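For reference, the structure is listed below as structure tokens.
The values are calculated or read from the model by the stated rules, or taken from the named source; none is laboratory data. Predicted model only: the values in this text are computed from it and were never measured. All Cβ positions, even for glycine, are placed from backbone atoms using ideal geometry, and neighbour counts span all protein chains on display.
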Amino acid sequence: MPGMTAPLPPFFQFRAETPPLGLADARLVCAGFDHTRLQVDDFQRCAIEPVRGVAKRQGEYLAGRLCAREALRQLCGQALVPGRDEDGVPIWPAGVVGSITHGAGQAAAVVASNRHWRGLGLDLEKHLSAERAAKLAGEILTPAELERARNLDPQAFAQRVTLTFSLKESLFKALYPLVLRRFYFHDAELIGQDDAGGARLRLLLDLHGDWPKGSELDGRYAEFDDYLLSLVAVPR
């Protein structure tokens, strides 16, 4: 169980166990939270700079930063809080790469040394319903991905759409700080996944000199409760 030097606010609780993403030399911290229980002084109590927005936005942000602070404490022995740049991208301490995700009452953060990894992208999603997945599939899946999924039953199709959405979000979060160029769901495709939590993605555009069209990257995912957590790690 993660430990903090100061009491945690009542709206937030660390998960005793983290999903098995299995990334070497990394620290993953997950938590549940209820933004409706957020108090006006929780940011001050946690010594974290507040963010503007409605209670939902504030709760998500604080939960994500608490996860990141604990992950950094585990990795380097200091309970540091990442800042953020003008685009809202986390600014990690020197020598560290990481990623934060939050939504639907769950938050998580992963950090690792930049001696081993160039970039990390983490994403957490609540599983889409069959109806919602059917509506969103064309926005998330490429024509080739849709073709590969066309024989799946509605529940399996919804799981595929959720997985593809999450992995592409993780891919963007891993690569954007390295290339500083935005790309979208149809600019990459999921070309394979297995029951052990492994996945493979391929870029469909020339994104950067290091990542031309056709570049492939590994992804990982784990499911817990009604959620899916995905990770894309770019090795050093």
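Would you tally the residues in the stretch 61-112 being of a type in the set (Ser, Thr, Tyr) and part of a helix (DSSP H, G or I)? Break it down into steps so the answer makes sense when it comes.
Of the stretch 61-112, the ones of a type in the set (Ser, Thr, Tyr) are 61, 99, 101.
With part of a helix (DSSP H, G or I) added as a condition, the list becomes 61.
The total comes to 1.
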**Request:** Take the stretch 111-136 and flag every residue that is free of Cβ contacts under 8 Å to residues at least 40 places away in the same chain and out of contact with any Leu (no Cβ under 8 Å at 6 or more places or on another chain).
**Result:** SER129, ALA130, GLU131, ARG132, ALA133, ALA134, LYS135
**Asked** So which residues in the stretch 19-48 are part of a loop (DSSP other than H, G, I, E, B), surrounded by 13 or more Cβ atoms within 10 Å (Cβ to Cβ) and touching a Phe, Trp or Tyr at 6+ places or on another chain (Cβ under 9 Å)?
**Response** PRO19, LEU21, LEU23, ASP34, LEU38, ILE48
**Prompt:** What single numbered condition from (1) in contact with a His (Cβ under 7 Å, 6 or more places away or on another chain); (2) of a type outside the set (Gly, Ala, Ser); (3) within 20 Å of THR101 (Cα to Cα) fails to hold for PRO177?
**Reply:** (1)
**Hits in the stretch 194-210 (condition: at pLDDT 95 or above, in a strand (DSSP E or B) and surrounded by fewer than 19 Cβ atoms within 10 Å (Cβ to Cβ))** = GLY198, ARG200, ARG202
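Which one of GLY95, GLY103, GLY119, GLY83 is touching a helix residue (DSSP H, G or I) at 6+ places or on another chain (Cβ under 7 Å) and either modelled with pLDDT under 95 or surrounded by fewer than 16 Cβ atoms within 10 Å (Cβ to Cβ) (or both)? Working first, answer last.
Numbers: GLY95 fails: touching a helix residue (DSSP H, G or I) at 6+ places or on another chain (Cβ under 7 Å); GLY119 fails: either modelled with pLDDT under 95 or surrounded by fewer than 16 Cβ atoms within 10 Å (Cβ to Cβ) (or both); GLY83 fails: touching a helix residue (DSSP H, G or I) at 6+ places or on another chain (Cβ under 7 Å).
Just a single option satisfies the conditions, and that option is GLY103.
Among the candidates VAL40, VAL51, which residue alone is touching a helix residue (DSSP H, G or I) at 6+ places or on another chain (Cβ under 7 Å), among the β-branched types (Val, Ile, Thr), modelled with pLDDT under 95 and not assigned by TED's automatic domain parsing to the domain that holds GLY198?
On the way: VAL40 fails: touching a helix residue (DSSP H, G or I) at 6+ places or on another chain (Cβ under 7 Å).
Sole residue among the options that is touching a helix residue (DSSP H, G or I) at 6+ places or on another chain (Cβ under 7 Å), among the β-branched types (Val, Ile, Thr), modelled with pLDDT under 95 and not assigned by TED's automatic domain parsing to the domain that holds GLY198: VAL51.
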